[in-house]
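First up is the structure itself, then whatever we jot down about it.
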Amino acid sequence: MTFRDAGLVSNVIAALEKAVERGTSYRLMHVCGSHEHTISRWGLRSLLPEGLEVIAGPGCPVCVCPPHEVGEAIELVQRGAILATFGDMVNLPTNFGSLAEAKAAGGDVRVVYSPLDALTLAARNPGREVVFFAVGFETTAAPVATVLCSTGLPDNFSVLVSHRRTPPAMELLLGIGDVCVDGFVAPGHVSTVTGAEVWRRFPDAYAMPVVVAGFEPEDVLLALLLLVQQINQGEPKLENEYARVVPQPGNVPALSAIDTAFEVTSAWWRGIGRIPRSGLAVRPELGNRDARQRFDVHFEPEQHDLPPGCSCHLVMLGKIQPPACSLYGRKCTPSSPNGPCMVSQEGTCFIWYTYESEASAATAQGGAA
Amino acid sequence: MCLAVPGRIVEVRTVADIPMGTVDFDGIRKEVCLAYLPEAAVGDYTIVHVGFAISLVDEASAMETLAMFRELGVLDGELEGAAPAEPGSAAPAVDP
């Protein structure tokens, strides 16, 4: 079955126009960079009827990775470790500098695609300590956990964990008075690991509609339609628009690996602060694989963890859209990023800037022709 | 880093008790861990995140997503640093 149907988009838009009640405001939040890619790339916001708004929440794990954890990674580089991490992490600016700067100063920082690549690095460099700086939500935490649970790990391999769990951040948002959200579009790929059920407490405990959605434009629009219908009916529930991919109970081997390798802990989110039960820490019995224990590196969070003038915290909480930041597009661009949301490919500012530039380039080209 | 990229499984094998496979992403072949999808078979399309297959997907959806990533120029960047397909490369051995 293909889910791509040219007519479907206009049908769903027509249904949305019918469903959206005049005078009612629908503020629907997604928490996934990939959803923002779909929405921005296809210009979906411009198709939505008046009164219906889709806003981006804290859906970028690189963006919320706090400076003190990057500082720990830089410290390990300076002590001579090979530090392997994802490409987006390297240019993340912090008060401690960036990993790119640590590399330029002679440190050994390697970009990898997968924790498996870090494992290969460790096997090939038996005389060096290899630390994988593990950043990401549940979809990344599971692979890292699987690696940690494996037998025959090279002795020189450890992980600096900066994983975050998505649901507690969404719960926190609901408690912030001036963040007004009427429904959540839940992230499809996170849900393939956690299962759709992980979102059930939102309708049950907070009367908050949730629809798990895929990443085609039709997926996102259908999710919006389902949320609008739930709001109109006053019956908040959990629906799974992406059932063709997301199982209701989650991926058993992945969840079991997470549970074996990690324990739930509170964690600091850059620009947001400490969120209870939102982090994962390596279990003490695997202590030797936890780079913080192994090298006794423990940096404390800083209250002011964004550069001066940066509004990433407001962007991540859905309080403003990127162009409302005074730095956006002027002192902060993908080639010269100031804040974390402009660094990562999953950051809201990066995504907005990328597609806005493409759109204006296309317009300019059209005008010249 | 967070993009989950669809690809076609072209080879399945077991390395140190772990199901591993080679996945073709629009011409780029990579080693992928199949521990989360023990039922995956050659010819299946799967969504791969950081080197792990996280779910199966139908061919048409996979092709469309791949075409979009290719058009956006993010495919090579996303797979940056990934180990090329190489039988016998490092694979985790997971305790049962």
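The values are calculated or read from the model by the stated rules, or taken from the named source; none is laboratory data. Fair warning: this is a prediction, and the values are worked out from it, not measured in the lab. For neighbour counting, all protein chains shown are included, and Cβ atoms are generated from backbone atoms with ideal geometry for every residue, glycine included. Only protein heavy atoms, including side chains, enter the accessible area calculation; ligands, DNA and RNA are left aside. Shrake-Rupley method; radii C 1.70, N 1.55, O 1.52, S 1.80 Å.
Structure notes:
- For the stretch A:179-206, the tally of residues that are of a type in the set (V, I, T) and out of contact with any strand residue (DSSP E or B) (no Cβ under 7 Å at 6 or more places or on another chain) stands at 4.
- Of the criteria (1) at the interface with chain B (Cβ under 8 Å from one of its Cβ atoms); (2) farther than 19 Å from A:T260 by Cβ; (3) aliphatic (A, V, I, L, M), which one A:A142 fails: (2)
- Test: A:F157 is within 14 Å of chain B (Cβ to nearest Cβ) and open to solvent by 20 Å² or more (accessible area, probe 1.4 Å): no
A quick yes/no check of all residues on (1) of a type in the set (G, A, S); (2) in a loop (DSSP other than H, G, I, E, B):
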position	(1), (2)
A:S256	yes, no
A:T265	no, no
A:G271	yes, yes
A:G279	yes, no
A:N288	no, no
A:F299	no, yes
A:L306	no, yes
A:I320	no, yes
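- The number of residues in the stretch A:269-295 being open to solvent by 30 Å² or more (accessible area, probe 1.4 Å) and among the aromatic types (F, W, Y) comes to 1.
- Within the stretch B:14-48, restricting attention to residues that are within 17 Å of B:L66 (Cα to Cα) and of a type in the set (F, W, Y), the residue that is most open to solvent (accessible area, probe 1.4 Å) is B:Y45.
- Pair list, Cβ < 7 Å and 6+ apart or interchain, from the stretch A:321-344 residues that are open to solvent by 40 Å² or more (accessible area, probe 1.4 Å) to residues that are of a type in the set (K, R) and outside any helix (DSSP H, G or I): A:N338/A:K331
- All of (1) in contact (Cβ under 8 Å) with a residue 60 or more places away in the chain; (2) in a helix (DSSP H, G or I); (3) of a type in the set (G, A, S) hold for A:S10 with one exception: (1).
- Residue count, the stretch B:1-24 (criterion: touching a residue at least 24 places away in the same chain (Cβ under 8 Å) and either away from every other protein chain (no Cβ under 11 Å) or among the β-branched types (V, I, T) (or both)): 13
- Taking the stretch A:303-320 as the range and being of a type in the set (G, A, S) and either more than 21 Å from A:V70 (Cα to Cα) or surrounded by 15 or more Cβ atoms within 10 Å (Cβ to Cβ) (or both) as the test, the residues that pass are A:S311, A:G318.
- Inspection of the stretch A:107-114 identifies at least one residue that is at negative phi, within 14 Å of chain B (Cβ to nearest Cβ), touching an Asp or Glu at 6+ places or on another chain (Cβ under 8 Å) and modelled with pLDDT of 95 or more.
- Against the conditions (1) within 13 Å of another protein chain (Cβ to nearest Cβ); (2) open to solvent by 10 Å² or more (accessible area, probe 1.4 Å), A:G195 satisfies every one except (2).
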